Amino acid sequence: KAKEGGKGRCHIYTPQLTRHAKKRLKLERLLRRAIEKDEIEVFYQPQVDFATGQVVGLEALARWRRKGTLVLPSEFVPLAEECGLIGAVGAVVLRQACIQGALVNGNGHRIRVAVNVSARQLEQSGLVETVTESLDRSGFSPELLEIEITETALMRNEDRARVVLENLRTMGVQVSIDDFGTGYSSLSHLRRFPIKALKIDRGFIQGLPADQNSASIVEAILSMAKSLGLFVVAEGIETPAHHDFLRSRGCDSYQGFLFSRPLPAAELEGFLNSRSR
Ligand code: C2E
Ligand code: MG
Ligand code: MG
Ligand code: MG
C-alpha cells in the first residue's frame, strides 16, 4: 500500500510507518508483559431471559487494566491475534471465566458463562485442552460454559472448526454464533455445525424499530432460527423500544446497556443478588 502514491509519496510516508511500527512493537511488548503480570481482567455482561426477566447468562469480555486505565478489546485483541498472543489472552479469559462461573453458580444461581474465541484461537492447537483444563481446575460444569465464535471465524477454516466444535460438543460445552448476520454464511450451512444459539449483531438492533431493513432482517433471523430449533440472543439492547421489539417477536434472551454494562467481577455477585429473586 505504501507504494500506491509513487516514489515521492513513499518518502513522505516512511517516517510515519516507522513510527507506527515502533508504536506497535512497544504495544506488543507491553501486552506480553501484561499477560505475565496478570493485567488481563474479565468483565461480565449479563444476558437476560425475555420470558422470565432473570439473568441466564454472562458474557465474559476481556479488559486490559493498564496503569489504572481500562483498555478495550478493540485495542488489543486484533494486536494479540497478529502477534500470536491471542492464545495466551484467551487462556487467561477462559480460566477466569470458569472460576467466576463456578463461584456464581455455587451461590444458588443457574447462569451460563459465554467466552469469545477468535478465528486464530480456533485455528491454533490447544483450545480444547485449555477448555478442559479450565473446567477441571475450577469445577465449573461444561453444560454451563458456552463458546462464542463469529460466523466469519467459523467459515475461515471449516474443517478445523468442525473438529473443535465436535470436541466441545462431546464435552458438553455449547457453541453460539456471534455477530450473526454480518458474515456471508447461510443458516442452512451453519446448521451443519453443532450450534446451540445465534447472537444477532448489534448493528441490526440499533435502527429498531423504525428502520425497515433492520426490522425485516431481525424478523427473518428469528423465524429461521426458530424453525431450526436454535436459541436467539440479541446484543446491544439499549432502549425499551429495542427490548419490546425483540420480545414481541419471540427472541429468547438479550444483553445490552439497557439492562447492564459489562461489570467487573467484584461487582457481579452484588448485582446478581439485587436483580434476581
Ligand atoms: P462481542 O463478542 O460482540 O461483544 C459484545 C460487545 O458489545 C462488547 O464490547 C460489549 O461491551 C458491547 N456491548 C454490549 N451491550 C452493548 C450496548 O447496549 N451498546 C453498545 N454500544 N455496545 C454494547 P467489548 O467488550 O468492547 O468487546 C468487543 C469485542 O471484542 C467483542 O465483541 C469480541 O468480539 C471481542 N472480545 C472481547 N473479549 C474477548 C476475548 O476474551 N477473546 C476474544 N477472542 N475476543 C474478545
Ligand atoms: Mg461475543
Ligand atoms: Mg457479538
Ligand atoms: Mg461484536
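The values are calculated or read from the model by the stated rules, or taken from the named source; none is laboratory data. If you're wondering where the values come from, they're calculated on a predicted model, not measured in any experiment. As a convention, Cβ positions derive from the backbone with ideal geometry for all residues, glycine included, and neighbour counts pool all protein chains shown. Accessible surface areas use protein heavy atoms only, side chains included; no ligands, DNA or RNA. Shrake-Rupley method; radii C 1.70, N 1.55, O 1.52, S 1.80 Å.
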Problem set entry | Relative contact order of the chain, pairs being alpha-carbon contacts under 8 Å that are 6 or more residues apart, as % | 17
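Once the convex hull of the C-alpha atoms of the stretch 28-161 is built, how many Å³ does it hold per residue, rounded to a whole number?
Details: hull volume 17.2 nm³, N = 134.
Residue-normalised Cα hull volume stands at 128 Å³.
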For this session: Could you point to the residue in S125, Q96, V77 farthest towards the positive end of the stretch 33-125's charge dipole, with +1 and -1 charges on the Cβ of Lys/Arg and Asp/Glu respectively?
Result: Q96
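Summarise the long-distance tail of P(r) for the stretch 185-277 by giving the % of C-alpha pairs beyond 21 Å. Could you put the intermediate results ahead of the total?
Working: 1669 of 4278 pairs.
The answer is 39 percent, as a whole percent.
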Problem set entry | Förster radius 25 Å - calculated FRET efficiency between F257 and N213 (Cβ-Cβ, nearest 0.05) | 0.65
Exercise. According to a simple spin-label model (label point 7 Å from Cα along Cα-to-Cβ), what is the distance in nm between E267 and A51?
Worked result: 3.1
Seminar exercise, completed: Per the helix-only model, the chain has a calculated mean residue ellipticity at 222 nm (DSSP H runs of ≥4, -39500 (n - 2.57) each, divided over all residues, rounded to the nearest 500) of -16000 deg cm²/dmol
Seminar exercise, completed: Treating only Lys and Arg (+1) and Asp and Glu (-1) as charged, each at its beta carbon, one finds that the stretch 190-249 has a dipole about its Cα centre, in Debye to the nearest 20, of 420
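Using unit Cβ charges (K, R positive; D, E negative) and no other charged atoms, how large, in debye to the nearest 20, is the dipole of the chain about its Cα centre?
1120
Report the calculated FRET efficiency for N107 and E143 (r = Cβ-Cβ distance, R0 = 25 Å), to the nearest 0.05.
On the way: r = 18 Å, r/R0 = 0.70.
It comes out at approximately 0.90.
Using the heavy atoms of the protein chains alone and a 1.4 angstrom probe, what is the accessible area of the stretch 14-127 per residue in square angstrom?
Details: 5620 Å² over 114 residues.
Counting only protein heavy atoms, the per-residue value for the stretch 14-127 is 49 Å².
Hey, any idea what % of the chain's accessible area is carbon plus sulfur with a 1.4 Å probe?
Numbers: 7280 of 14090 Å².
The computed percentage sits at 52.
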Seminar exercise, completed: Once F204, F257 are ranked on solvent-accessible area with the largest value leading and a 1.4 Å probe, the list reads F257, F204
For this session: Could you pull the Cα extents of the stretch 103-202 along its three principal axes, largest to smallest, in whole Å?
Result: 41, 29, 19
For this session: Could you please state, rounded to a whole Å, how far the C-alpha centre of the stretch 46-115 is from the C-alpha centre of the stretch 127-154?
Result: 12
For this session: Mind giving me the nanometre distance, one decimal, between the label points for C83 and R160, set 7 Å out from Cα along Cα→Cβ?
Result: 2.1
Exercise. Any idea how far apart R191 and L228 come out in nm if each label point goes 7 Å out from Cα toward Cβ?
Worked result: 0.7
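Hull surface divided by four, with the convex hull built on the Cα atoms of the chain: how many nm²? Display every interim value, and only then the final one.
Numbers: hull surface 68.3 nm².
Directional mean of the projected Cα hull area for the chain stands at 17.1 nm².
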Problem set entry | Accessible solvent surface per residue of the stretch 230-277, calculated while the other protein chains remain in place, 1.4 angstrom probe, Å² | 48
